[in-house]
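See structure below.
Since every read-out is calculated from the coordinates, none of them should be taken as a lab result. Just so it is clear, the structure is predicted and the values come from calculations on it, not from any experiment. We place every Cβ from the backbone using ideal geometry, glycine too, and count neighbours over all the protein chains shown.
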Amino acid sequence: MFDIEKKNITIGFMPLTDSAPVIIAHEMGFFEQWGLNVSLTKQNSWATLRDKLHVGVIDAAQMLAPMPIASNLGLYGQKSAVISPMILSRNGNGITLSTTLYEKIVSQHSNKNNNKNNDISMPFAASILQAEIEQRKKAGNKLSFAVVAPYSCHYYQLIEWLKKSGIALSDINLLIVPPSDMVPSMQSGDLDGFCVGSPWNAKAVREGVGITGVTSSDFWQDSPEKVLGLLSNWQIKHPNTTLALMSALYDACQWLENIPNRFEAARLLSRAKYLDTHIDVIAPSLLGSCLTLNGTTPRKVPNYQQFSRLDDPTFNTPAHHYGEAIADLMQACQQISPQQRADLNITAIYREDLYQTAVSHIKQR
């Protein structure tokens, strides 16, 4: 146990399946076991969550992996010294096309093959969009896609998926939409596709609105997705509280790696105060099942949602090379200049040292 400086703390989270570590730590009593009294507060958008952390309305947050770096650079918000001492999850995102667009693509595919083969194999490449993109260019419009934030793995994953098929970002309209608003936006016809975390891809499939054709596990296997975010000054003022918080989340991540616990996690996440959606759209990704097209057999995706690895305490380490890779993507996407990239001190943001200290205490309990 730690000599905690602040017992009552507030953690912000987004209604996503990979918010499971903070929710499970709360529901299964891991925060209490480490001497903390934690309040969880659900946020409507990543921008709101980030701003509340910056001004101290919340003490800590489940954050997108690139957000601490963007915060330190003052990108798309106030410049703030945010640190990440722990990875909370890997994988979990998917790219979904609207059913309307997909059916049109299947029809184009069928005509091209003289009706001999209508199948489009999954995971599908962005090349299936090319004919539609060309048609829309001639008509003077574009397909509309959405991601959850400009500094997010979703943004970089969508760009990479398009780029592999020779499609430029300028060939589509790209919007920023909060995760839980993706399905209603597609339902209203505002979106042709999106890249978002679970369970919102599965919800689009269950409701017959979309088809999930590729996941982040298919081409970004085991990359960090969500991290714990804190203000640097908060950690300096509350070093033992930080270690207790990390220890509780470490226990929650380990608990989530036991498959028999995953369905119980889905049941807890489904509650109105958390994801507020049905268990049949939350459970699949937790069990390694990707719903693709309504009424068809799901696709098996090992490690679709990964929170830890049993008996591997290094899994949640915020290794510096992950931060360096994200910073390189920011520069490659022209979100930051070469000088901003050169000035970045990733070791001061992705805090491996704090994680190693926490793990050493956990081993001694």
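Just flag the trypsin sites (Lys or Arg not before Pro) in region 271-309 sitting in loop per DSSP whose Cβ has no more than 10 other Cβ atoms within 10 Å.
Values: sites: R271, K273, R299, K300, R309; in loops: R271, K273, R309.
Within region 271-309, the qualifying trypsin sites (Lys or Arg not before Pro) (loop, at most 10 other Cβ atoms within 10 Å) are K273.
Using a 10 angstrom cutoff on alpha carbons, build the Gaussian network for the chain and name the most mobile of L162, L88, L245.
Between L162, L88, L245, it is L162 that shows the largest mean-square fluctuation.
In degrees between 0 and 90, to the nearest 10, how far off the longest principal axis of the chain does helix 320-332 point, with axes built from Cα atoms?
Tilt of helix 320-332: around 40 degrees.
Can you give me the pair-distance distribution of region 158-205, C-alpha pairs, 10 Å bins, whole percents?
24, 49, 27
Rank T17, T296, T314 by mean-square fluctuation in a GNM of the chain with C-alpha springs under 10 angstrom and give only the top-ranked residue.
Of the options given, T296 has the highest mean-square fluctuation.
Using the per-residue mean of other Cβ atoms lying within 10 Å as a proxy for protection, in what order, highest first, do the peptides 284-292, 47-55, 341-349 fall? List each step's numbers first, then the result.
Details: 284-292: 22.8, 47-55: 18.8, 341-349: 14.9.
Put in order of decreasing packing, that is 284-292, 47-55, 341-349.
Evaluate the Kirkwood expression for the hydrodynamic radius of region 240-365, namely the inverse of the mean inverse distance over all pairs of different C-alpha atoms, and round to one decimal in Å.
17.5
In vacuum, with every alpha carbon of region 13-57 counted as one equal point scatterer, what does the Debye formula give for log10 I(q)/I(0) at q = 0.25 Å⁻¹? Two decimals, please.
With one equal scatterer per Cα and no solvent, log10 I(q)/I(0) is -0.93.
Between region 145-199 and region 87-104, how many Å separate their Cα centres?
Measuring centre to centre over Cα atoms gives 9 Å.
At a Förster distance of 41 Å, what's the computed FRET efficiency of T347 paired with N261, Cβ-Cβ distance as r, to 0.05? Write out the running numbers ahead of the final one.
Numbers: r = 34 Å, r/R0 = 0.83.
The formula returns an efficiency of 0.75 here.
What Rg and what Dmax come out for region 181-251 when only alpha-carbon atoms are used, in angstroms?
In order Rg, Dmax, the Cα atoms of region 181-251 give 18.2, 50 Å.
To test your reading of the geometry: what angle, between 0 and 90 degrees and rounded to tens, separates the Cα axis of helix 130-139 from the longest principal axis of the chain?
The two axes meet at around 70 degrees.
Do any trypsin sites (Lys or Arg not before Pro) in region 64-124 lie in a DSSP loop with no more than 15 other beta carbon atoms within 10 Å, and if so, which? List each step's numbers first, then the result.
Working: sites: K79, R90, K104, K112, K116; in loops: K79, K116.
Hits after loop and neighbour filter: K79, K116.
To test your reading of the geometry: what angle, between 0 and 90 degrees and rounded to tens, separates the Cα axis of helix 153-163 from the longest principal axis of the chain?
That works out to roughly 30 degrees.
Could you pull out which residues in region 264-296 have an amide N less than 14 Å from a spot 7 Å beyond the Cα of M122, following the Cα-Cβ vector?
284-285, 288-296
Which percent of the Cα-Cα distances in region 154-279 go past 27 Å? Show your work: numbers first, answer last.
Numbers: 2852 of 7875 pairs.
Percent of Cα pairs beyond 27 Å in region 154-279: 36.
Using a 10 angstrom cutoff on alpha carbons, build the Gaussian network for the chain and name the most mobile of P199, P298, P178.
Residue with maximal mean-square fluctuation among P199, P298, P178: P298.
Among DSSP bridges having both ends in the chain, what percentage is antiparallel? Round to the nearest 5.
Numbers: 24 of 40 bridges.
Of those bridges, close to 60 percent are antiparallel.
Output ³J(HN,Hα) for region 356-364: one whole-Hz value per residue in order, computed from phi by the Karplus curve 6.51 cos²θ - 1.76 cosθ + 1.60 with θ = phi - 60°, and x for Gly and Pro.
5, 5, 4, 5, 5, 5, 4, 5, 8
Below 8 Å, C-alpha to C-alpha, sequence gap of six or more: please give me the relative contact order for the chain in percent. Show your work: numbers first, answer last.
Values: 699 pairs, mean separation 96.5, N = 365.
Relative contact order of the chain: 26 percent.
Would you kindly calculate the translational diffusion coefficient of region 55-150, applying Stokes-Einstein with the Kirkwood radius from alpha carbon pairs, for 4 °C and a viscosity of 1.567 mPa s, and quote it in µm² s⁻¹ without decimals? Walk me through the numbers on the way to the answer.
Working: Rh = 17.4 Å.
In µm²/s, the coefficient rounds to 74.
Filter the chymotrypsin sites (Phe, Trp or Tyr not before Pro) in region 42-135 to those in DSSP coil with at most 16 other Cβ atoms within 10 Å of their Cβ, and list the result. Don't jump to the answer; show the numbers that get you there.
Working: sites: W46, Y76, Y102, F124; in loops: Y76, F124.
Of the chymotrypsin sites (Phe, Trp or Tyr not before Pro), the ones in loops of region 42-135 whose Cβ has at most 16 other Cβ atoms within 10 Å are Y76.
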